[in-house]
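Some notes on the structure that comes next.
The values are calculated or read from the model by the stated rules, or taken from the named source; none is laboratory data. Remember, predicted model here, so these are calculated numbers, not experimental data. Cβ sites come from the backbone with ideal geometry, for glycine too, and all protein chains shown count toward neighbours.
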Amino acid sequence: METQKIGLLGGTFDPVHNGHLAVAKHVIQALKFDAIWFVPASLPPHKDGHGDGREISSFTHRIAMLERALRQHPSYVISDIEVKRSAPSYSIDTINILLQQREGQADLYFIIGADAFLEINTWKRHKELPTLVNFVVISRPGYPPDKVGEVIRHNFIDYTYEPSNATWSSQHSKGLFIMQQMEPVPISSTEIRRKVRRGEDIAGLVPQTVEDYIKRQNLYI
């Protein structure tokens, strides 16, 4: 069986929005991935609720919104791996389980924004991650590539940068750090929830099917 290139896009997806879809589209086209797996977190270890004081919506609601958003994208897959575990959703545990399930038949690429990547030293067993998975670091306004490079040099041994393909690699670890520049999509789940709470329009921020679901289920009110 041919080894597949699979991108992993994690998050709470509360709700999934057009910014998430823009990242998935950019990465799958730019890096020629076979699939993007959306991995909604069940119990994010860094928070037990949203920064706006609201509880995270049930996994059932978040999966339902993802199903509606991804229906027209056959290369996008939803992984419910997180809900099957009672423990917090640590990335290294999720990645290990996915690798076991694929039995070595996939190269995994963890997709992450530059802002989140700068905090990777706070992650569980973060230094082991490049031995298991590649990283695709998406540009974010206010987070220059030099900052990302500093984090890589500080946390991961013997990585060097190749400007021709914007990739960090090491002779001692198979994992790559691939930098991806893309136009920012100024959409956030937090702002969408606030707009819904205020009764404001969210058209264009989420797929129509997701907007319909939010209204029908009275989410974020």
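Does V210 satisfy being within 22 Å of A22 (Cβ to Cβ), out of contact with any Lys or Arg (no Cβ under 8 Å at 6 or more places or on another chain) and not in a loop (DSSP other than H, G, I, E, B)? Spelling it out, it is not the case that V210 is within 22 Å of A22 (Cβ to Cβ), out of contact with any Lys or Arg (no Cβ under 8 Å at 6 or more places or on another chain) and not in a loop (DSSP other than H, G, I, E, B). Being of a type in the set (A, V, I, L, M, F, W, C), over 24 Å from E191 (Cβ atoms) and at pLDDT 95 or above is a condition met by at least one residue of segment 70-87.
Selection within segment 95-105: residues that are closer than 21 Å to H126 by Cα and in contact with a strand residue (DSSP E or B) (Cβ under 8 Å, 6 or more places away or on another chain). The member of this set that is surrounded by the fewest Cβ atoms within 10 Å (Cβ to Cβ) is L99. Which residues, counting only those in segment 150-168, are part of a helix (DSSP H, G or I) and surrounded by fewer than 16 Cβ atoms within 10 Å (Cβ to Cβ)? E150, R153, H154, N155, listed by residue number. Considering only residues in segment 139-180 that are in contact (Cβ under 8 Å) with a residue 40 or more places away in the chain and not polar (S, T, N, Q), the one that is farthest from L8 (Cα to Cα) turns out to be P141.
Mind listing just one residue for me: the one in segment 171-207 that is β-branched (V, I, T) and not in a strand (DSSP E or B) and, of those, nearest to Y143 (Cα to Cα)? This residue is V185. Taken over segment 124-145, the criterion of being in contact with a Ser or Thr (Cβ under 6 Å, 6 or more places away or on another chain) and crowded, with 16+ Cβ neighbours inside 10 Å is satisfied by P130 alone. Of all residues in segment 201-221, those that are without any contact (Cβ under 8 Å) to a residue 60 or more places away in the chain and closer than 13 Å to R68 by Cβ have Cβ atoms under 7 Å from Cβ atoms of residues that are β-branched (V, I, T) and surrounded by 12 or more Cβ atoms within 10 Å (Cβ to Cβ), 6 or more apart or on another chain, in E211/I202.
A single entry from E103, E128, E150, E119 fulfils the requirement of being at pLDDT below 95, out of contact with any Pro (no Cβ under 8 Å at 6 or more places or on another chain) and either of a type outside the set (A, V, I, L, M) or more than 21 Å from S42 (Cα to Cα) (or both): E103. Counting only residues that are of a type outside the set (K, R) and surrounded by fewer than 17 Cβ atoms within 10 Å (Cβ to Cβ), which one in segment 65-77 is nearest to K127 (Cα to Cα)? For segment 65-77, the residue satisfying everything is V77.
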